[in-house]
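For reference, the structure is listed below as structure tokens.
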Amino acid sequence: MIREIPPRSGAAFTIDAGRTLTVIDPWGEQVADLLAFARADVREVISSGRTFDYANRIYLTTGDVLYSNRSRPLLTIIEDSVGRHDFLLTPCSRDTFRIIYGDVDPHRGCFGNLAAALAPHGVTEDMIPIAFNCFMNVPVDGATGAFTVEPPLSKAGDRIAFRAETDLVIGLTACSALQSNNGSFKPIHWRVD
Ligand SMILES: [Zn+2]
């Protein structure tokens, strides 16, 4: 069954080892921030640093593994119709909107949405790391390291699928930052098979 995350919101749910989580961009050009915590101990969480260390790349796609802070595989990417995602940047937050956008009454962003959705699972704000940002397009200049946030390359119906390598708690959003989503807020679809 396909479930929908409304624009600028988030969800949390559990998934058992061996199941597949598919994240779908139903309209195109919409980012979804993804977090995965080990259900047995939610202090274990995906780690961009560990993952990059073992992948020797910052752009991850089919066949790549998302490792935890304890260097265990939590998710493996098993399907990817886009090939461009981000694992460098933190979830957008009140501070993102205050500092980058100058908003005076900022939205709580993916960070606030994730914190609220994950609270019943024992996850607190300080336990939220860099998310795997599905469909987020952050090209990096190889010489200087400078980067920009560009419109996602995803078209309507594009997807990325992950196999759970252990029992997990998942946090997932429809991202709230204008720049990441080419200027409009759209829903995200997901399903577990
Ligand atoms: Zn966001």
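The values are calculated or read from the model by the stated rules, or taken from the named source; none is laboratory data. All of these numbers come straight from a predicted model, not from anything done at the bench. Virtual Cβ from ideal backbone geometry, glycine too; neighbours counted across all protein chains shown. Heavy atoms of the whole protein, side chains included, go into the accessibility calculation; ligands, DNA and RNA do not. Shrake-Rupley method; radii C 1.70, N 1.55, O 1.52, S 1.80 Å.
Structure notes:
- With both labels modelled 7 Å from their Cα along Cα-to-Cβ, the THR14 to ALA55 distance reads 2.8 nm.
- Whole-Hz ³J(HN,Hα) from phi, Karplus 6.51 cos²θ - 1.76 cosθ + 1.60, for the range 79-89, glycine and proline x: 7, 7, 8, 10, x, 9, 9, 10, 9, 9, 9
- Computed label-point distance, nm, for sites ALA40 and VAL192 using a 7 Å Cα→Cβ extension: 1.8 nm
- Within-15-Å neighbourhood charge of ASP95 [Cβ basis; K, R +1; D, E -1]: -1
- Amide hydrogen proximity for VAL42: with H placed 1.01 Å from N in the peptide plane, no residue at 5 or more positions away or on another chain lies under 5 Å.
- The range 45-193 shape via C-alpha gyration tensor axes, a/c threshold 1.5: rounded
- For ASN137, the residues whose amide H sits under 5 Å from its own are GLU150, ignoring neighbours fewer than 5 places away on the same chain, with H placed 1.01 Å from N.
- Per residue, the range 123-172 exposes an accessible area of 42 Å² to a 1.4 Å probe, with every protein chain left in place.
- Expected 222 nm ellipticity per residue - DSSP helices of 4 or more, -39500 (n - 2.57), all of the chain, to 500: -3500 deg cm²/dmol
- Ordered by solvent-accessible area of protein heavy atoms (1.4 Å probe), largest first, the residues TYR101, TYR67, TYR54 come out as TYR54, TYR101, TYR67.
- Full extension of the chain between THR62 and GLU150 gives 29.5 nm of extra length, using 0.36 nm per residue less the Cα-Cα distance.
- Size of electric dipole in the chain: Cβ of Lys, Arg +1 and of Asp, Glu -1, about Cα centre, debye, nearest 20: 200 debye
- Of all DSSP bridge pairs formed entirely within the chain, close to 100 percent run antiparallel.
- Remark on LYS186: its backbone amide H falls under 5 Å from those of ARG8, a criterion applied only to residues 5 or more positions apart or on other chains, H modelled at 1.01 Å from N.
- Counting only protein heavy atoms and a probe of 1.4 Å, the accessible surface of the range 20-157 is 52% carbon and sulfur.
- Length available on full extension from HIS121 to GLU79: 0.36 nm per residue minus the Cα-Cα distance, which gives 12.4 nm.
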